[in-house]
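*Asks:* Before we start, here is the structure in question, set down as structure tokens.
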Amino acid sequence: MAQKLAAGNWKMNGTEASLAEVDAMLAAYPAPGCGVLICPPATLLDRLSRRIGTGPIATGAQDCHMNTKGAHTGDISAEMIKDAGGAYAILGHSERRTDHGETDAIVNAKTAAALAGGLVAVVCIGETEAQRDAGETLDLIGTQLAGSIPDGVSGQTLVVAYEPVWAIGTGRVPTLEQITEVHDFIRARLQERFGADLGGAVSLLYGGSVKPSNAAEIFAVANVDGALVGGASLKAADFGAIIDALQNA
Ligand code: PGA
């Protein structure tokens, strides 16, 4: 069984003052009935992890370099993420694929580095609007899945997030039928490659304009084990309502 996970990606948002939102989340969810993860900007990872301590919210980074150390200005390694208290790393988010030219091969190497460093890898895949309009969605998803995930993963160390690029930050979401089609396809591909047990244990998150108002219906879709949430993860009230929906799914 895949673990249910509500994951927040703060992107390039947040300063010291934002930590109060996490205090509110901790107060509201002392023992959530699902996994809860927050990936703040790198500047806050250590502070946020210390603030949470042994509390029920995990923390992670939004990227992880493919090398363990060295001359890579501005980058952070898996060891540094762990040292800052993080247990997860998001890899291959579409904004990094676009802004930083990350290919499937690069995402694969970063994912391998994150796993080797003892982190859980949250690997993101998703089609653009043009690719969907051209009927290429499943081909593209299949290619990204095969290319971005290294061998040697386990169900406990891999999370896959399906995030249609056109749904991120736009307020637009796919139909439940479209989400079902892609999530069923991802599950089947993972089980073909890694076996029924391991492929069945990977948490599959949907991401892209998840909000309190649409979370429950998305979580009711088979093979949706949670969400990767951007904008709505910044405020305790909104993220809390999404956690509620996942707990009750
Ligand atoms: P959004 O972002 O929830 O703001 O659409 C999701 C993501 O990019 O992970």
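*Asks:* Across the range 89-102, which residue is least open to solvent (accessible area, probe 1.4 Å) among those that are within 16 Å of the ligand (Cβ to nearest atom) and over 16 Å from the mean Cα position of the chain (by Cα)?
*Replies:* By that ranking, first place goes to Glu102.
*Asks:* Would you be able to say whether some residue in the range 183-205 is within 12 Å of the ligand (Cβ to nearest atom), in contact with a Pro (Cβ under 9 Å, 6 or more places away or on another chain), of a type outside the set (Val, Ile, Thr) and in a strand (DSSP E or B)?
*Replies:* Within the range 183-205, none of the residues are within 12 Å of the ligand (Cβ to nearest atom), in contact with a Pro (Cβ under 9 Å, 6 or more places away or on another chain), of a type outside the set (Val, Ile, Thr) and in a strand (DSSP E or B).
*Asks:* Here's a follow-up. In the range 103-158, how many are crowded, with 20+ Cβ neighbours inside 10 Å, polar (S, T, N, Q) and out of contact with any Pro (no Cβ under 9 Å at 6 or more places or on another chain)?
*Replies:* Residues flagged as crowded, with 20+ Cβ neighbours inside 10 Å, polar (S, T, N, Q) and out of contact with any Pro (no Cβ under 9 Å at 6 or more places or on another chain) within the range 103-158 amount to 2.
*Asks:* From the list Ala227, Ala215, Ala232, Ala222, exactly one residue is at negative phi and assigned to a strand (DSSP E or B). Which is it?
*Replies:* Ala227
*Asks:* Being away from the ligand (no atom under 14 Å from the Cβ), among the hydroxyl-bearing types (Ser, Thr, Tyr) and under 19 Å from Leu37 (Cα atoms): is that true of Thr180 here?
*Replies:* no
*Asks:* Now, a different point. Identify all residues within the range 16-53 that are among the small types (Gly, Ala, Ser), farther than 18 Å from Ala84 by Cα, outside any helix (DSSP H, G or I) and open to solvent by 50 Å² or more (accessible area, probe 1.4 Å); write none if there are none.
*Replies:* The answer is Ala31, Gly33.
*Asks:* Pick out the one residue from Ala241, Ala215, Ala249 that is touching a residue at least 24 places away in the same chain (Cβ under 8 Å) and either touching a Gly at 6+ places or on another chain (Cβ under 6 Å) or open to solvent by less than 20 Å² (accessible area, probe 1.4 Å) (or both).
*Replies:* Being touching a residue at least 24 places away in the same chain (Cβ under 8 Å) and either touching a Gly at 6+ places or on another chain (Cβ under 6 Å) or open to solvent by less than 20 Å² (accessible area, probe 1.4 Å) (or both) holds for just one of Ala241, Ala215, Ala249, which is Ala215.
*Asks:* Which residue pairs have Cβ atoms closer than 8 Å, lie 6 or more positions apart in sequence or on different chains, and pair a first residue in the range 5-31 that is more than 20 Å from Ala215 (Cβ to Cβ) and within 15 Å of the ligand (Cβ to nearest atom) with a second residue that is of a type in the set (Asp, Glu) and at pLDDT 95 or above?
*Replies:* If the second residue must be of a type in the set (Asp, Glu) and at pLDDT 95 or above, no pairs are left.
*Asks:* To continue, here is another question. Restricting to the range 224-235, what's the tally of residues that are more than 11 Å from the ligand (Cβ to nearest atom) and farther than 15 Å from Gln247 by Cα?
*Replies:* The total comes to 1.
*Asks:* Here's another thing I want to ask about it. Is it fair to say Leu140 is under 23 Å from Phe185 (Cβ atoms) and either modelled with pLDDT of 95 or more or of a type in the set (Val, Ile, Thr) (or both)?
*Replies:* Judged against the criteria, Leu140 is a match.
*Asks:* Kindly list the number of the only condition in (1) of a type outside the set (Val, Ile, Thr); (2) surrounded by 15 or more Cβ atoms within 10 Å (Cβ to Cβ); (3) modelled with pLDDT of 95 or more that fails for Lys69.
*Replies:* Unmet for Lys69, out of (1) of a type outside the set (Val, Ile, Thr); (2) surrounded by 15 or more Cβ atoms within 10 Å (Cβ to Cβ); (3) modelled with pLDDT of 95 or more: (2).
The values are calculated or read from the model by the stated rules, or taken from the named source; none is laboratory data. Here the structure is a predicted model, which is why all the values come from computation and not from measurement. Ideal geometry is used to build each Cβ from the backbone, glycine not excepted, and the neighbour counts take in all protein chains shown. Side chains included, ligands, DNA and RNA excluded: accessible areas come from the protein's heavy atoms. Shrake-Rupley method; radii C 1.70, N 1.55, O 1.52, S 1.80 Å.
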